[in-house]
Amino acid sequence: MASLNDTHFELFDLPATYAVDSTALDHAYRTVQAQVHPDRFAAAGDAQKRIAMQWATHANEAYRTLRDPLKRGTYMLKLRGVNAGAESNTAMEPAFLMQQMEWRENIEDAAAAKNLRALEALLDELRDQERIRFEKLAGLIDSHADQAASEAVRQLMFIERVASEIEAQIEKLE
């Protein structure tokens, strides 16, 4: 283990690219956890236990971040000094803003009508849009188009939020 200041990629000895080999990530995570898991330090002093806990926490956070494509994109932009999720940065392309309004209206209409099929269709549409944007995000990050990648991340954050709202509406109706 080099340092708690290593990037998540360095921690797991992975290339700092958007596409992550999930098998390699899983293997690297298990290897790191085997070295730093607090149970290995049960008989150690308090200082060593605290350090082991810090390493284990760092490894867990790094793993969760790299496993999740949206968190990974946000993290990679953060490494480059771009705060993609900044609450003050709400600028989005007009077409996406119009799409947001349309999705919101359709959700409200379907929920008011208790139309489960319409909600499921909207959720499918959002998942398709999410998949398309994740593919776009990969190319933007790897080509260092950071501002465009930042907008793609904000769009994906919105899509995930709305998808969660639809899932909640579907649960109510089921």
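Nothing in this text is a laboratory measurement; each read-out follows from the coordinates by a stated rule. These figures come from a predicted structure and were not determined experimentally. Please note: Cβ atoms are built from the backbone with ideal geometry, for glycine as well, and neighbour counts cover all protein chains shown.
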> Is it possible to state the helix-based mean residue ellipticity at 222 nm for the chain, with each DSSP H run of 4+ residues giving -39500 (n - 2.57), the sum divided by total residues, to the nearest 500 deg cm²/dmol? What is it?
Replying inline: -24500 deg cm²/dmol
> Mind listing which GluC sites (Glu not before Pro) in region 79-165 are in a DSSP loop and have 12 or fewer other Cβ atoms within 10 Å?
Replying inline: GLU87
> How far, in degrees from 0 to 90, does helix 46-67 lean away from the longest principal axis of the Cα atoms of the chain, to the nearest 10?
Replying inline: 30 degrees
>> Straight-line reach from LYS172: which lysines fall under 27 Å, measuring Cα to Cα and dropping same-chain residues less than 8 apart?
In response: LYS114
